[in-house]
Amino acid sequence: MVTMTIVEPRTRVQREPRRQLQKRPAWISVDDGMTKRQCFILDVSPGGARIATDDAMDVGDNFELALVPDHPKREFCEVVWRRAKTYGVKFLRMRPSLPLEPAAGGSEDKDPEGDLN
C-alpha cells in the first residue's frame, strides 16, 4: 500500500482585533428586557465579545447585551460557544426573529360552551 501526503503550509485565519476590558460590567437582557443579569465583558471586537457571569445561568442562544445600565442601546447577540460561566457571543445586525406563539384564546381543544360532552 502506498500513501501519499501533500504538505502545504496552513493558511492563517486573520482574526479581528480584540480589546481587553479588565472585566467591565455589562447586562444581559432576555424576555424583552423583563430579565436582566449582570455579566462582565472580558474582551470585545467589532464582531463579538467574550463575557463571563458570576453564577452559572442559562442565557439561551440569543439575548441583548447592554454596556450601560438602563440605556436604550443594546447589542443583539448570538452565543457561539460556552465554557462554564464564560460565553463567546457574536453581534447580530438585526434582532433575531422569535418563534410564533399561539394567540390567546386560540383554537385549542376547548368547547366554547364549556361543556365536555
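By its C-alpha gyration tensor, with a ≥ b ≥ c as the square roots of the eigenvalues, how is the stretch 19-92 shaped: rounded for a/c under 1.5, else prolate for a/b larger than b/c, else oblate?
rounded
Simple spin-label model, 7 Å along Cα-to-Cβ: Arg24 to Gln38 in nm?
It works out to 1.7 nm between the two label points.
So how much slack lies between Arg83 and Ala52, counting 0.36 nm per residue of separation and subtracting their Cα-Cα distance, in nm?
Stretched out fully, the Arg83 to Ala52 stretch lengthens by 10.2 nm.
Coordinate-derived values only; no laboratory data. The model shown is predicted, which means the values in this text are computed figures rather than measured ones. All Cβ positions, glycine included, derive from the backbone under ideal geometry; neighbour counts span all protein chains shown.
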